[in-house]
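First comes the structure, then the notes that go with it.
A short reminder: the numbers here are calculations on the coordinates, not readings from a lab. Note that the structure is a prediction, hence the values are computed from the model and not measured. No Cβ is skipped: glycine too gets one built from the backbone with ideal geometry, and neighbour counts run over all protein chains shown.
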Amino acid sequence: MQHGPAVRRRKLGAELRALRARAGLTSGEAARLVGWHQSKVSRIETGASGVKPSDVRLLLDAYGVGDPQLRELLVVLAGSDDGDGRHHWWHAYRGVLPPTYRDFISLESQASAMRTLETTVVPGLLQTPEYARAVTRAAVEGATEERLDALVRVRLARQDVLRADPPLRLSAVLDEAVLRREVGGPEVMARQLERLVEAARLPHVRLQVLPFSAGAHIGVTGPFVIFSFPRTSDLDVVVLDHLTSSLYLERKEDLRAYAEAFNALRRHALSPEESLDFIAAVAGAG
């Protein structure tokens, strides 16, 4: 169980080690190709030290990796500053975003699929601006209007992954409490429920409601997110949010346990079609 930066370093190092082996190179040969000492390659591959995105590109060139999607993913894992004066969009908000949130966004931006259980609020990728502002105001007590504005802009910018080509495949299980909890007042909540219905009709979004009638279930332990990545499952990670930080689970047994838990939740939840009807009924009752 680790914080984001350590997980990113180890996952990046493991993938670079696999790519080097696939290219038929020893760590010493790889180091000579890029003009480094062999110990630097070893530290990168074990996650003992960080690596600049520009150095990742050097290694990928040496290993003959031309897949643009894989290259971009590994560069993102290296950090927000790519060493060539360019930054990812969230870098502009580094003054208001804690490092753990930036790590989460970097993973989300490159993931091909996301499975999430939400027990209290609507997933950030599906929030309306008004709902996002109400949730953020409650979560960040004492925040200035300027900071609130910035955090809401970040929340909305994150949603671009659902409009990308190809888009992130989102599978979300929402506890009924998410729909019943009135956030921001009746009008805000009504629009938010409409937004959920709209999103659920997208071909790459699967939304299911876990009704109160399902009783106790494995999800009562709290929300979680599972990120999956293109080309390799070795980068998959589970994220658990806590009040002051996020924890990342990367062991295969942890990934397997949470994947099985998510599948169990989906079986207990209403079908996507039934969930649409359920959300519409809650909206109508309001």
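For Ser213 and His91 in the same chain, what is the full-extension length gain: residue separation times 0.36 nm, less their Cα-Cα distance, in nm?
Numbers: separation 122, 0.36 × 122 = 43.92 nm, distance 4.35 nm.
Length gained, Ser213 through His91: 39.6 nm.
How high is the FRET efficiency from Arg71 to Leu202, r the C-beta distance, R0 22 Å, rounded to 0.05?
Numbers: r = 28 Å, r/R0 = 1.27.
Once the sixth-power term is evaluated, E becomes 0.20.
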Original post:
Efficiency by 1/(1 + (r/R0)^6): what FRET value for Ser271 and Lys40, r their Cβ-Cβ distance, R0 = 41 Å, to the nearest 0.05?
Top reply: 0.20
Original post:
Using r as the Cβ-Cβ distance of Ala21 and Arg163, and R0 as 25 Å, what FRET efficiency do you calculate, to the nearest 0.05?
Top reply: 0.10
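At 222 nm, what value in deg cm²/dmol follows for the chain if DSSP H runs of at least 4 each add -39500 (n - 2.57) and the sum is divided by all its residues, to the nearest 500? Before the final figure, lay out each step's value.
Details: 12 runs with 145 residues, N = 286.
Estimated from H runs of four or more residues: -16000 deg cm²/dmol.
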**OP:** Pop out the ³J(HN,Hα) list for region 112-129 in order, Karplus 6.51 cos²θ - 1.76 cosθ + 1.60 with θ = phi - 60°, rounded to Hz; leave Gly and Pro as x.
**Re:** 8, 8, 9, 10, 9, 10, 10, 10, 10, 9, 5, x, x, 5, 10, 7, 7, x
Original post:
For the chain, with the dipole built from +1 on Lys and Arg beta-carbon atoms and -1 on Asp and Glu ones, taken about the Cα centre, which of Ala132, Leu19, Leu70 lies farthest toward the positive end?
Top reply: Leu19
**OP:** Identify which of Leu74, Leu12, Leu25 has the largest mean-square fluctuation in a Gaussian network model of the chain, with springs joining Cα atoms closer than 10 Å.
**Re:** Leu25
Subject >> 18 Å Cα-Cα reach of Lys40 towards lysines, excluding residues that sit fewer than 8 places from it in its own chain >> reply: Lys11, Lys52
Subject >> Which labelled figure in (i) -0.29, -0.69, -1.04; (ii) -0.24, -0.63, -1.07; (iii) -0.49, -0.77, -0.98 is log10 I(q)/I(0) by the Debye sum over Cα atoms at q = 0.07, 0.11, 0.14 Å⁻¹, once derived from the coordinates >> reply: (i)
Subject >> Fluctuation leader among Glu141, Glu253, Glu273 - the chain, Gaussian network, Cα springs under 10 angstrom >> reply: Glu141
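Filter the chymotrypsin sites (Phe, Trp or Tyr not before Pro) in region 235-286 to those in DSSP coil with at most 16 other Cβ atoms within 10 Å of their Cβ, and list the result. Intermediate results must be reported in sequence, preceding the final value.
On the way: sites: Tyr248, Tyr258, Phe262, Phe278; in loops: none.
For chymotrypsin sites (Phe, Trp or Tyr not before Pro) across region 235-286 that sit outside H, G, I, E and B with at most 16 neighbouring Cβ atoms in 10 Å, the list is empty.
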Original post:
Toward the positive end of the charge dipole of the chain, about the Cα centre and with charges on Cβ (Lys, Arg +1; Asp, Glu -1), which of Phe278, Gly142, Phe262 goes farthest?
Top reply: Phe262
**OP:** Pick out which of Arg266, Arg163, Arg256 has the largest mean-square fluctuation in a Gaussian network model of the chain, springs linking Cα atoms closer than 10 Å.
**Re:** Arg163
Original post:
How many nm is it between the label spots at Ala285 and Asp234, if each spot is 7 Å from the Cα in line with the beta carbon?
Top reply: 4.9
Original post:
Based on Cβ point charges of +1 for Lys and Arg and -1 for Asp and Glu, what charge dipole magnitude is obtained for the chain about its Cα centre, in debye rounded to the nearest 20?
Top reply: 820
Subject >> Net charge contributed by nearby residues that have their C-beta within less than 10 Å of Ser228 (K/R +1, D/E -1) >> reply: +1
**OP:** Only Cα pairs under 8 Å and at least 6 apart count here; give the relative contact order of the chain as a rounded whole percent.
**Re:** 20
**OP:** May I ask for the distance between the Cα centers of region 12-54 and region 235-286, given as a whole number of Å?
**Re:** 36
